[in-house]
Amino acid sequence: MAESLVTITVNGQEVEAPQGKLLLHVLREQGIRVPTLCHDDRLTPYGGCRLCVVERKDGRGGLIPACSTPVQRGMQIESDSANVVESRRRQLQFLVLNHRMECPACDRRGDCRFQDLIFEYGIPDETLPFELQRAPMDESSPVIVRDPEKCLICGKCVRLCEEVQGVGAIGLASRGLEATVSTFLERPLDCEFCGQCVNACPVAALVARPYTCDVPAWLRTSTTTTCSFCSCGCQVQLETFEGRPQAAIPAIDEGPNHGKLCVKGWLGWDLLSADNRLERPLVRRDGQLVEASWDEALEAVTGAIGKARANEEKIVGLGTARMTTEDAYLLQRFFRTVLASPHVGCGPVGGVDALSEGAGETLGVASSTAGYPALSEADLVLVLRADPTRTHPLVKTELVQRALQQGKDFVLAHGLSGGLERHAKQYLQLTPGREDTLLAGLANLLLERKPELAAALENVEGFAAWRTSLEAYTITATAEACGVEPKELDALAERLLAAGSVVAVVVGGTGVPGDEVATTRAAAALLALLRGENAGEQLLVLGEKSNVQGTLDVGLHPSRLPGQARVDDEEARAHLAALWGTKPPAERGLDPSEFVQAADSIGVLLLAGQDPISGWPRRFGGREILEGAGFVVCFDAFLGAASRYADVVLPVKILGERTGSVVALDGERRSLRRVFKPAGPLPQDGEIIRELARRLDSEMPSEEKILAEIDELCRWPRTASPIQRFFAAPAVPAPAALEGVLLDAAPQLFHSGTLTARSRHLQELSPTVAVRLSATDARRWDVQNGQMLRVASGERELLLRARIDSNVRPGTVVVPWNGNGDSAASMLVADDEPVVVEVRRS
Amino acid sequence: MSDARTVRGPESEGFFGAQELPPTDIDFGDIWQQIDEYVAAHPGGHERLIPLLHRVQEQLGYLPFPVQEYVARTLGLSPIQVYGVVSFYHFFTTTPRGRFQLKVCMGTACFVRQSQQLLDTLGDVLGVEVGGISDDRLFNLDQVRCIGACGLAPAVMVGNEVHGNLTPTRVKNLVKKLRKQADEEEGASA
């Protein structure tokens, strides 16, 4: 749809602008400075501070707010007339009245929009008969300090909290001079601590404790880089002084986040300078890990590799999905060429299997095929497996903005909500792990209502078997198995049929119950029904760690080569042989589930940032693997649980200390720039791999050559692909056992258990580990908040404090995933069936 | 959404940590059900907030915080958004109202006919300050500007009913009569 242009006159000059565009934007594009305090491009127009007034000379005329006035044909605007300047001066005078002026001692240290405006416009001399409304500082929150005496009531914090973050923790209470930003019942701030309010505050009414510092804005270095805590790919502007963090601000003009950020990207950076950070290599001597030189440590590693080769033992390399794309490529290339070992991968990280075996096997590409634009543009978004609030905060804000700013629907289908259900059109609170059941039931329902949907798909592999397998999924059977009402399924089916475009979001997570592969396959099949053969456009898999997609793309995977080819793909192997000079092994590498069986045959286990004990669900047997392996090498920034079994520990750079790139959940490859400096010199993962290769007399190619190889083998971003295969649904699972209680595992917002648990700021915010249960069950078992409960499954038992939480589904108890090392993980013995536990009062 | 009603009382727990409401032994009757019914009968969005608050205040005489939280949940708002509206409009109140709203007219005509005496007497008899509520939650005492019943000065309003030509003795009797009426109503409902 072409936008119609209108002509307006600005300061005597004719200007063309699209009809309906905000006057403020039109004026700013003309290079005209229009001051604003309450305006924010992330929010719907507000028009509260009246500093953006300009004079309209045509029609009714007068002073109008540019920030909330759309342009109309023939408008005549004066942007700097005497009336405009005087009005702004008056407005500033009113604002100054209720602002405690202490600029020289203020935390803003000159970095203040309000101060700038007062300097620019001045304020009238006369005094007005009002006094500053006195109010005490609110220092109840561990990170955010609120000073109501400085607040201008621009409302940006309140509006961001609701409209963008969807939290609504703060609001404007009372009116007139008494108006104040407040929480409900003035309780201490209890929110997601995304910091959006602090970053948006034009003055020092909101200040972040961790970032109150003596370094003024003009002395800081500001670098925009990709936040690599999760896979959202947010661009964050990190301000540093001598390599230390001073502020973290979301990049307003850059995607994908366009000015949004979460608690980790805001506050998590302190973990880099944690006291227990490793600075020198450690080597095991006489049973003890002792400091050693790099030379000694690397000699020990190459010696062990030589021994393993001589004994024909397995050499296994596990990177992480946090590695940079380049380092991951180097690691797998090192294993597949120098060591001729097929055993490389990144461990069992949420999203990898969904991408590789889910999307890869149905759509032919092991990638999400929808990105952020699809998430905001689709008519309907269906979110499966978990609430992205805790694991993928940017995806959450996209959903909130869809609902609150664009009025578009999304539907949640999972066991436990995290706050997003308030904005959802529909929330199907499922029995944990029943997402694939729901999707099969929906597919059956759609086919019953509109059999013609099948027409275009009948020739696709596996369609007939899939269609037959769905017959058991009647609406009542599905509803019963999922623990929802049939009418809820009916309503969702109608919504799906009515929507012109649908995006299905599959939240990956090792701790979340349910089979992510089956869910992804079922989602792809359902989408294929709805949209003919173009299901690829609408599937979004959320990988857990920052570079799940990138590490998979470059072949850090036991069954995939760079460019996503299967390891036994002869064409791909021949291509790699030409490029590498060595043909990669055709044999599939060990899968995480196979390590325990093979543990004794592992000569060297190289863990590049991987911790099988604290990071993996217990069922993979991390401890047994480490005990069985002959020689264990860890690359890590901290001594983790796995390091206790290590023979050599090599300290490395992490997060914002590294350079390279990550591929975010939307498939876009984004750069990491070096922002922070570790206290002492440290190598990056890739540098160690290069050095090991050199010491094994097989030097790796230059960095340029490696980058060129990656570019040749992997393409970003990818195009959509039609469905290629259907997988038959299993028999309808039995409804959840009534006598037992189902265990659900919830990822945490403030840390994900391993790396982020090192951040003091994030730890301070984390609630204590507790077992959460519904109020119904609390009454049933006569449990009070805070009481100790025993949660038992088989031989294992957890003793945890009870928290009554009305978000929890009755009949389910929720234990945090990764909240306390492997405690919750140890309960999760199988991935596709929810665990039945016994709950007793202690 | 099951269990939404558990916002009452101290067992409520927010997702991010302790969010305990002050314990309450006040019985709000079937107000939860009335809110559910209102919302079911009026499909729509957030525009239902103000009419619903009116309805609740009509029933309870004020807007208790646990009820505000319940209204928020029911309409998909955050509690502070509801409180923002409640605190913005002076019509809404968060302090409990008595069964009978006594408003002593302090307009010029009533004032010259000793309405101050009526106010003082009522304050003594009920044991409340102006603007307060009696311990038995039966009476609220307020003073108001002219109620337009100057011919009946001095006058007191009980709810929407005007009582004129009052003396200290007559207001004492009025209070007695209202107490009796409340007793009878309670007896009838018990």
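The values are calculated or read from the model by the stated rules, or taken from the named source; none is laboratory data. This one's a predicted model, so the numbers in the text were calculated from it and none came from an experiment. Ideal geometry is used to build each Cβ from the backbone, glycine not excepted, and the neighbour counts take in all protein chains shown. Protein only, heavy atoms only, side chains kept; ligands, DNA and RNA dropped before computing areas. Shrake-Rupley method; radii C 1.70, N 1.55, O 1.52, S 1.80 Å.
Structure values in brief
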read-out	value
Karplus-derived HN-Hα couplings along the stretch A:4-16 (A = 6.51, B = -1.76, C = 1.60, θ = phi - 60°), whole Hz, x at Gly and Pro	8, 8, 10, 10, 10, 10, 10, 6, x, 9, 7, 10, 9
Fully extended contour minus Cα-Cα distance, from residue A:569 to residue A:491, at 0.36 nm per residue	23.6 nm
Among A:391, A:157, A:49 the positive-end extreme of the charge dipole of the protein assembly as shown (Cβ point charges)	A:49
Computed FRET value (nearest 0.05) for residue A:458 with residue A:379, which takes r as the C-beta separation and R₀ as 25 Å	0.45
Amide H contacts under 5 Å for residue A:246, placed H, 5+ residues apart	A:239, A:240, A:241
Mean accessible surface per residue for the stretch A:425-535, computed with a 1.4 Å probe while every protein chain stays in place, in Å²	34
Reachable aspartates and glutamates from residue A:264, criterion Cα separation under 18 angstrom, eight or more residues apart if same chain	A:190, A:192, A:239, A:387, A:398, A:544, A:657, A:764
FRET efficiency for residue A:673 and residue A:712, using Cβ-Cβ distance with R0 set to 22 Å, rounded to 0.05	0.35
The stretch A:1-137 - percent of accessible surface contributed by carbon and sulfur, probe 1.4 Å	48
Calculated FRET efficiency for the pair residue B:120/residue A:63, C-beta based, R₀ 35 Å, to 0.05	0.10
Calculated over the stretch A:54-159: convex hull of Cα atoms, volume per residue (Å³)	148
Contact surface B-A: accessible area buried, both sides summed, square angstrom, 1.4 angstrom probe	2900
Interchain or long-range residues, amide H under 5 Å from residue B:139's placed H	B:99, B:100, B:134
Sum of -39500 (n - 2.57) over DSSP H runs of 4+, divided by residues of chain B (222 nm, nearest 500)	-13500 deg cm²/dmol
Accessible carbon and sulfur surface of the stretch A:598-683 relative to its total accessible area, %, 1.4 Å	46
19 Å Cα-Cα threshold exceeded, pairs from A:545/A:653; B:103/B:177; A:150/A:260; A:653/A:677	A:150/A:260
Listed residues A:410, A:119 arranged by accessible area, highest first, probe 1.4 Å	A:119, A:410
Stretchable slack from residue B:93 to residue B:129, in nm (0.36 nm times residue separation minus alpha-carbon distance)	11.2 nm
Separation in nanometres of the label points that stand 7 Å from Cα toward Cβ, at residue A:253 and residue B:162	6.8
Under Karplus coefficients 6.51, -1.76 and 1.60, residue-wise ³J(HN,Hα) of the stretch A:725-735 in Hz, glycine/proline x	7, 10, 10, 4, 6, x, 4, 4, x, 5, x
Estimated [θ] at 222 nm from DSSP helical runs (n ≥ 4, -39500 (n - 2.57)) normalised by residues in chain A, nearest 500	-7500 deg cm²/dmol
Shielding by partners, peptide B:73-83 (average Cβ within 10 angstrom, other chains)	6
GluC sites (Glu not before Pro) restricted to DSSP loop in the stretch A:412-473 with at most 13 other C-beta within 10 Å	A:458, A:471
Between the stretch B:130-169 and the stretch A:54-74, the alpha-carbon center distance in angstrom	51
Cα-based Kirkwood hydrodynamic radius, the protein assembly as shown, one decimal, Å	32.1
Cys residues of chain B counted as unpaired, since no other Cys beta-carbon is under 4.7 Å	B:146, B:150
Solvent-accessible area of residue B:60 with every protein chain in place, 1.4 Å probe, in Å² to the nearest 10	40
Rounded Å value of the spacing that divides the Cα centres of the stretch A:212-237 and the stretch A:421-491	44
Potential extension, residue A:85-residue A:16 segment - 0.36 nm per residue separation minus Cα distance	22.3 nm
Under the span-like rule (Cα at least 27 Å along the axis, Kyte-Doolittle mean at least 1.6), DSSP H helices of chain B	none
The stretch A:135-146 - phi-based ³J(HN,Hα) in whole Hz, Karplus 6.51/-1.76/1.60, Gly and Pro as x	7, x, 5, 9, 10, 6, 8, x, 10, 10, 9, 10
Whole-number accessible area per residue in Å² for the stretch A:179-318, which is evaluated in the context of all protein chains at 1.4 Å	39
Carbon + sulfur, % of accessible area of the stretch B:150-190 - ligands and nucleic acids excluded, 1.4 Å	51
Zone of residue A:295's modelled label, taken as backbone nitrogen in the stretch A:663-693 under 16 Å from a point 7 Å along Cα→Cβ	A:692
Given charges at beta-carbon only (K, R positive; D, E negative), |dipole| of the protein assembly as shown in Debye	2100
The stretch A:133-208: trypsin sites (Lys or Arg not before Pro) in DSSP coil with no more than 15 other Cβ atoms inside 10 Å	A:134, A:175
Angle in degrees between helix A:486-498 and the longest Cα principal axis of chain A, rounded to the nearest 10	70
Under 5 Å, built H, 5+ apart or other chain: amide partners of residue A:744	A:813, A:814, A:815
